[in-house]
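Reviewing the structure listed below.
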Amino acid sequence: MKAILGIVSTLFILASPWVLYWTLSHQEVKVAAITLIGWVIVRAIPVLVSAKREHRVAALQLPAIALGFAILGWVSNNGTWLLVLPSATQATFGLAFLRSLSGKPLIEHFARMMKPELSASELTHCRRWTLIWGIYLLVLAALGLVLARWAALAVWTVYVGVLNYVLVGVLFAVEYLIRKIRFRDYGRNPLDWLLGKLFPAARSGVS
């Protein structure tokens, strides 16, 4: 059941810019707001079911933000509040990356899930790229806010629904290639196999 709710929530996130475009282009701010409130409910259910009590407040942060913007848009009958939501969500993730630099960087946390022991250079890489990701996500969020306020609805929709994902994917690919070429730590997937052929593993003792 939790997996189904998670899939539904993910599909709604992907579809939400296009749903907002259709509803707002027909001057249906109320319908768009109700749709977002529905997403909040679907998103909150698996959190309430699976999250530990001490983690629930943090896990419910994004649904709470979505609920706030949906209500503001509904009450004011202003669709711009609804367009702010994707940028607010992305900014929240960006700030989470930056805040983690005061302790264990987020990327280090993810890296240790795959490789518990990290070298000093790998730890530096994790910290540097946590900073890069935090700033990058904030820049993308700011661009989304600018488009939400001043661009045509169609332009905002294409940016949030397509281009934003492309830009995130580009940075992910750049980091992945840099990490693999620098550390030559290859897995068994086809891309790693190809990179291993192009950039053979370094000899022992070579960083």
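The values are calculated or read from the model by the stated rules, or taken from the named source; none is laboratory data. In this text the structure is predicted, and so the values were computed from the model without any measurement. Note that we place each Cβ from the backbone using ideal geometry, even for glycine, and neighbour counts take in every protein chain shown. These accessible areas exclude ligands, DNA and RNA; they are computed on the full protein's heavy atoms, side chains included. Shrake-Rupley method; radii C 1.70, N 1.55, O 1.52, S 1.80 Å.
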### Query
Scanning the stretch 62-96 for residues that are open to solvent by 30 Å² or more (accessible area, probe 1.4 Å) and within 30 Å of residue 128 (Cβ to Cβ), which turns out farthest from the chain's Cα centre (by Cα)?
65
#### Entry: the stretch 88-108 residues that are of a type in the set (Phe, Trp, Tyr), paired with ones that are part of a helix (DSSP H, G or I) (beta carbon under 6 Å, 6 or more apart)
93/137; 97/106; 97/130; 97/133; 97/134
#### Entry: the stretch 97-120 - residue that is open to solvent by less than 80 Å² (accessible area, probe 1.4 Å) and of a type in the set (Lys, Arg) and, of those, farthest from residue 182 (Cα to Cα)
112
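Among the candidates 101, 118, 131, 191, single out the residue that is over 30 Å from residue 21 (Cβ atoms), assigned to a helix (DSSP H, G or I) and over 22 Å from the mean Cα position of the chain (by Cα).
Details: 101 fails: over 22 Å from the mean Cα position of the chain (by Cα); 118 fails: assigned to a helix (DSSP H, G or I); 131 fails: over 22 Å from the mean Cα position of the chain (by Cα).
After applying the criteria, what remains is 191.
Please count how many residues of the stretch 150-161 are surrounded by 12 or more Cβ atoms within 10 Å (Cβ to Cβ) and assigned to a helix (DSSP H, G or I).
Applying the first criterion (surrounded by 12 or more Cβ atoms within 10 Å (Cβ to Cβ)) to the stretch 150-161 yields 151, 153, 155-161.
Restricting the remaining residues to those that are assigned to a helix (DSSP H, G or I) gives 153, 155-161.
Result for the stretch 150-161: 8.
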### Message
Of the conditions (1) open to solvent by 60 Å² or more (accessible area, probe 1.4 Å); (2) of a type outside the set (Val, Ile, Thr); (3) assigned to a helix (DSSP H, G or I), residue 142 satisfies every one except a single condition; which number is it?
### Response
(1)
## Note on the structure
Going through the stretch 133-181 in order, the residues found to be out of contact with any Phe, Trp or Tyr (no Cβ under 6 Å at 6 or more places or on another chain) and among the polar types (S, T, N, Q) are 164
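Name the one entry in 179, 127 that is over 30 Å from residue 69 (Cβ atoms) and in contact with a His (Cβ under 7 Å, 6 or more places away or on another chain). Working first, answer last.
Details: 127 fails: in contact with a His (Cβ under 7 Å, 6 or more places away or on another chain).
Within the list 179, 127, the selection yields 179.
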### Task
Would you mind stating whether residue 92 is part of a helix (DSSP H, G or I) and under 26 Å from residue 186 (Cβ atoms)?
no
### Query
If you take the residues in the stretch 15-33 that are in contact (Cβ under 8 Å) with a residue 40 or more places away in the chain and open to solvent by 80 Å² or more (accessible area, probe 1.4 Å), which one is nearest to residue 70 (Cα to Cα)?
30
